[in-house]
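Quick notes on the structure that follows.
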Amino acid sequence: TPPYVVDHGEAGPVRCNRCKAYMCPYMQFIEGGRRFQCGFCSCVTEVPPQYFQHLDHTGKRVDCYDRPELSLGTYEFLATVDYCKNNKVPEPPAFIFLIDVSYNAVKSGMVNIVCNELKSLLDLLPRENPEMDSVVRVGFVTYNKVLHFYNVKSTLAQPQMLVVSDVSDMFVPLLDGFLVNVNESRQVIESLLEQIPEMFADTRETETVFGPVIQAGLEALKAADCAGKLFVFHTSLPIAEAPGKLKNREDKKLIGTDKEKTQFQPQVGFYNNLAKECVAQGCCVDLFLFPNQYVDVATLGVVPVSTGGSVYKYTYFQAQTDQERFLKDLRRDVQKQVGFDAVMRVRTSTGIRATDFFGSFFMNNTTDVELAGLDCDKAITVEFKHDDKLSEETGALMQCAVLYTSCGGQRRLRVHNMAVNCCSQLADLYRNCETDTIINYFAKYAFRGVANNPTKAVRDTLVNQCAQILACYRKNCASPSSAGQLILPECMKLLPVYLNCVMKSDVLLPGADVSLDDRAYLRQLIGCMDVADTHVFFYPRLLPVMKLESGSLPVALRDSEERLSKGGIYLMETGLHLFLWVGASVQQELLLNIFGTPSFSQIDPNMISLPVLDNPFSQRLREIIDSFRAQRSRYMKLMVVKQEDRTELIFKHFLVEDKSASGGASYVDFLCHMHKEIRQLLS
């Protein structure tokens with residue numbers, strides 16, 4: 001269920017006077033309900049008269065269970081005008097579509113596909129009330145090395161194009177008719193989307209700009225005085241003369257050297273400054289990339305990552321094979337629930353404090369996490385430091401509050417509250433630790449580190465931190481045993497296997513075929529994954545699909561080649577890809593059921609979807625694939641891998657317990673290495 005929305009009236013949400021924590025179940029009402037004591041800072045605050053309520057014999061307010069903010073962990077407050085920018089109620093947000101129409105974009109079919117899809121997609125813009133039309137306005141720009149703005153005012157018979165060729169000083173050439181309501185301007189918009197692919201069908205322009213494209217969208221939002229999102233569809237390295245111009249700097253010789261870190265840093269400072277301006281306006285940028293060669297994702301991704309946006313990448317995009325993945329991603333991205341112009345703050349009780357944050361956002365100071373946009377597909381990882389006394393009696397409290405503008409233009413506060421137990425015994429701590437969360441944190445910490453440290457140093461730090469955790473357990477919690485034995489806490493039995501996966505990921509230990517853009521892309525992507533996503537990304541799910549039952553999944557196998565049999569078929573999910581591995585001697589009946597052919601040699605390795613066959617096995621397998629896709633925020637393309645085929649190398653890369661082609665250790669070898677490190681620390 002969506003969170004309950006609470007309205008405290010014109011005075012705004014009731015808060016603690018000192019630390020400004022919002023009303024929540026941890027506030028203790030005293031003096032017959034006239035005042036309350038804050039659970040975070042212990043300060044006592046008067047209860048506003050309109051919020052007063054009597055207490056029952058246990059000291060609880062009698063309306064406690066009628067009020068979400070006194071009985072639930074999560075709820076929303078309606079924010080008053082004091083919580084709005086410049087103290088005025090926000091305008092509804094806008095979506096601006098900026099489409100690269102250079103030679104590559106047209107030739108690959110991208111321009112055609114985007115324009116076609118937008119015709120129907122504009123009816124599915126996000127809205128708060130499914131019964132009502134969306135209030136989100138839309139605008140359109142096309143560009144190569146100059147920008148074309150379109151006037152799609154509802155009173156026009158035909159759209160008008162206005163060209164800005166001076167990209168060094170970007171401005172929006174029209175105020176009225178650029179951002180419009182879809183229903184009012186439907187005919188003009190449809191006409192425009194028909195015309196764009198025709199207008200640029202014979203273009204010879206290969207060069208593009210990128211900085212001015214984002215500036216154009218930002219200026220349009222400034223002029224309309226609203227927040228919003230830019231959807232940029234871009235194909236190549238922006239080498240045309242313009243602000244934010246880039247050069248090709250990919251250099252494989254730098255891998256493994258001290259200079260490798262520069263490849264993860266933005267090439268120019270321009271985009272950091274632009275990102276700052278975007279955040280101030282509540283302008284979130286989503287970037288769809290269709291590269292055929294190096295485009296410098298590390299630099300182009302700066303604005304999306306800093307504004308809470310996303311980067312999608314379709315390398316060597318081909319209409320037939322990649323259209324489905326791209327369109328599914330685009331549809332989800334346009335329709336999903338979003339908020340704008342957000343700021344997040346985490347408050348804690350005495351004894352712990354939030355010290356570090358990981359994700360897609362911008363920070364000007366040490367406490368406020370600023371998000372030009374936020375959505376349902378991104379997580380923020382917060383690190384807390386234990387910096388004062390904690391007691392087992394009181395535990396520790398955390399409150400995370402996000403102030404944002406909803407897609408309907410309403411200013412709101414979403415509040416999450418959490419109380420956790422504290423312990424004085426180390427053994428209790430190790431009994432309750434959460435390995436998947438630790439790995440999520442370690443991965444983000446390490447991936448952030450590669451921009452400032454050599455990858456080898458980052459890997460060494462990971463091993464060291466992990467060894468310290470396990471050595472501390474051995475020294476303080478484990479019953480005495482011989483030094484030759486490796487002893488791991490029950491909850492952390494899998495820490496080494498998962499840590500090894502992080503260590504040999506493409507970001508920290510790339511194979512020869514992994515491009516710098518791929519690494520930069522993964523680095524940005526992992527930065528905002530939640531725990532379920534990093535879990536399947538680092539240790540993919542591998543299922544035998546020779547026997548399928550409805551209602552339950554087959555038991556997963558360990559990710560190692562020795563688990564695969566020649567007579568078997570296996571489905572692997574990584575969160576970004578799906579593979580169906582087919583053994584060379586699978587029974588004919590099984591092949592007939594899945595592929596509609598009894599012969600292994602007749603299976604087409606280029607198929608991207610399984611044939612729809614009328615048998616229970618085919619139906620169930622396709623159901624499983626659909627259910628896996630539904631759980632992930634990005635569409636996973638299916639790849640059929642035949643045993644001994646050349647594509648098997650790609651598949652084997654994800655068998656993470658085996659030794660990797662790039663020199664990553666097998667799980668067994670890594671475990672021995674880990675054991676040695678622990679013994680060294682203990683001696």
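Evaluation of Val285 against the conditions (1) crowded, with 20+ Cβ neighbours inside 10 Å; (2) part of a helix (DSSP H, G or I) shows that the sole unmet condition is (2). A search for C-beta distances below 7 Å between a residue of region 206-222 that is crowded, with 22+ Cβ neighbours inside 10 Å and any residue that is of a type in the set (D, E, K, R), counting only pairs 6+ apart in sequence or on different chains, returns Thr208/Asp100; Thr208/Lys145; Val209/Lys145; Leu218/Glu277.
Among residues of region 333-362 that are part of a loop (DSSP other than H, G, I, E, B), those with a Cβ under 6 angstrom from a residue that is of a type in the set (Phe, Trp, Tyr), sequence gap 6+ or separate chain, pair up as Ser349/Phe40.
So, Lys389, is that one modelled with pLDDT of 95 or more and charged (D, E, K, R) or not? Answer is no for this residue. Among the residues of region 420-458, those identified as in a helix (DSSP H, G or I), open to solvent by 30 Å² or more (accessible area, probe 1.4 Å) and under 19 Å from Glu383 (Cβ atoms) are Leu429, Asp436, Thr437, Ile438, Tyr441, Tyr445, Arg448.
When each of Gly33, Gly12, Gly73, Gly59 is tested for being touching a Phe, Trp or Tyr at 6+ places or on another chain (Cβ under 8 Å) and either open to solvent by 30 Å² or more (accessible area, probe 1.4 Å) or within 30 Å of Ala280 (Cβ to Cβ) (or both), the lone residue that passes is Gly12. Taking the condition farther than 29 Å from Arg332 by Cα, surrounded by 16 or more Cβ atoms within 10 Å (Cβ to Cβ) and in contact with a strand residue (DSSP E or B) (Cβ under 9 Å, 6 or more places away or on another chain), does Phe40 pass? The answer is yes for Phe40. Within region 375-419, the set of residues being assigned to a strand (DSSP E or B) and of a type in the set (Asp, Glu) comprises Asp375, Glu383.
From Val182, Val164, Val209, Val135, grab the single residue that is β-branched (Val, Ile, Thr) and out of contact with any strand residue (DSSP E or B) (no Cβ under 8 Å at 6 or more places or on another chain). Walk me through how you get there before you give the answer.
On the way: Val182 fails: out of contact with any strand residue (DSSP E or B) (no Cβ under 8 Å at 6 or more places or on another chain); Val164 fails: out of contact with any strand residue (DSSP E or B) (no Cβ under 8 Å at 6 or more places or on another chain); Val209 fails: out of contact with any strand residue (DSSP E or B) (no Cβ under 8 Å at 6 or more places or on another chain).
The unique qualifying residue is Val135.
Is one or more of the residues making up region 454-466 free of Cβ contacts under 8 Å to residues at least 24 places away in the same chain and under 21 Å from Leu494 (Cβ atoms)? The answer is yes; a qualifying residue exists. Here Arg634 meets the list (1) basic (Lys, Arg); (2) in contact (Cβ under 8 Å) with a residue 12 or more places away in the chain; (3) open to solvent by 40 Å² or more (accessible area, probe 1.4 Å); (4) in a loop (DSSP other than H, G, I, E, B) almost entirely, failing just condition (3). Tell me whether region 590-601 contains one or more residues that are in contact with a Gly (Cβ under 9 Å, 6 or more places away or on another chain), open to solvent by less than 50 Å² (accessible area, probe 1.4 Å) and part of a loop (DSSP other than H, G, I, E, B). No; the residues of region 590-601 include none that is in contact with a Gly (Cβ under 9 Å, 6 or more places away or on another chain), open to solvent by less than 50 Å² (accessible area, probe 1.4 Å) and part of a loop (DSSP other than H, G, I, E, B). Could you list all residues from region 303-358 that are of a type in the set (A, V, I, L, M) and more than 30 Å from Glu383 (Cα to Cα)? If the condition is that a residue be of a type in the set (A, V, I, L, M) and more than 30 Å from Glu383 (Cα to Cα), then Ala319, Leu327, Leu330, Val334 are the ones that fit. Among the residues of region 637-674, those that are out of contact with any helix residue (DSSP H, G or I) (no Cβ under 9 Å at 6 or more places or on another chain), closer than 25 Å to Leu495 by Cα and surrounded by 15 or more Cβ atoms within 10 Å (Cβ to Cβ) comprise Phe651, His653, Phe654, Ser662. Given the structure, is Ser618 among the small types (Gly, Ala, Ser), closer than 29 Å to Arg519 by Cβ and out of contact with any His (no Cβ under 6 Å at 6 or more places or on another chain)? No: the conditions fail for Ser618.
Condition check: open to solvent by 40 Å² or more (accessible area, probe 1.4 Å), in contact with a helix residue (DSSP H, G or I) (Cβ under 9 Å, 6 or more places away or on another chain), in a loop (DSSP other than H, G, I, E, B) and under 23 Å from Glu677 (Cβ atoms). Does Asn464 satisfy that?
No; evaluated as a whole, the condition is false for this residue.
Pairs are defined by a Cβ separation below 6 Å, a sequence spacing of at least 6 or placement on different chains, a first member in region 571-588 that is over 11 Å from Phe654 (Cα atoms) and assigned to a loop (DSSP other than H, G, I, E, B), and a second member that is modelled with pLDDT of 95 or more and basic (Lys, Arg); the pairs so defined are Gly575/Arg632; Gly583/Lys566; Ala584/Lys566; Ser585/Lys566. Restricting attention to region 519-565 and to residues that are open to solvent by less than 50 Å² (accessible area, probe 1.4 Å) and of a type in the set (D, E, K, R), the residue that is nearest to Phe442 (Cα to Cα) turns out to be Asp533. Cβ separations smaller than 9 Å between residues 6+ apart or across chains give no pair from region 185-202 residues that are in a helix (DSSP H, G or I) and at pLDDT below 95 to residues that are of a type in the set (Ser, Thr, Tyr) and surrounded by 15 or more Cβ atoms within 10 Å (Cβ to Cβ).
Within region 132-177, restricting attention to residues that are under 29 Å from the mean Cα position of the chain (by Cα) and assigned to a loop (DSSP other than H, G, I, E, B), the residue that is nearest to Ser102 (Cα to Cα) is Asn144. Taking the numbered list (1) under 25 Å from Lys328 (Cβ atoms); (2) open to solvent by 80 Å² or more (accessible area, probe 1.4 Å); (3) acidic (Asp, Glu) in turn, Asp123 passes all entries but (2). Would you check if there is a residue in region 536-550 being in a loop (DSSP other than H, G, I, E, B), without any contact (Cβ under 8 Å) to a residue 12 or more places away in the chain and hydrophobic (A, V, I, L, M, F, W, C)? There is no residue in region 536-550 that is in a loop (DSSP other than H, G, I, E, B), without any contact (Cβ under 8 Å) to a residue 12 or more places away in the chain and hydrophobic (A, V, I, L, M, F, W, C). Is it the case that some residue within region 331-349 is more than 19 Å from the chain's Cα centre (by Cα), farther than 30 Å from Asn417 by Cβ and surrounded by fewer than 22 Cβ atoms within 10 Å (Cβ to Cβ)? No, region 331-349 contains no residue that is more than 19 Å from the chain's Cα centre (by Cα), farther than 30 Å from Asn417 by Cβ and surrounded by fewer than 22 Cβ atoms within 10 Å (Cβ to Cβ).
For region 1-112, please list each of the strands (runs of 3 or more DSSP E) lying entirely inside it that holds at least 1 residues being farther than 30 Å from Leu237 by Cβ.
Counting at least 1 such residues, we get 28-30, 35-37, 44-46, 74-78.
Close contacts from region 646-660, counting a first residue that is under 14 Å from Asp513 (Cα atoms) and a second that is polar (S, T, N, Q), with Cβ to Cβ under 8 Å and a gap of 6+ residues or different chains, come to His653/Ser660.
The values are calculated or read from the model by the stated rules, or taken from the named source; none is laboratory data. Worth saying up front: this structure is predicted, and the values here are computed from it rather than measured. Virtual Cβ from ideal backbone geometry, glycine too; neighbours counted across all protein chains shown. Surface accessibility is based on the protein's heavy atoms, side chains included, excluding ligands, DNA and RNA. Shrake-Rupley method; radii C 1.70, N 1.55, O 1.52, S 1.80 Å.
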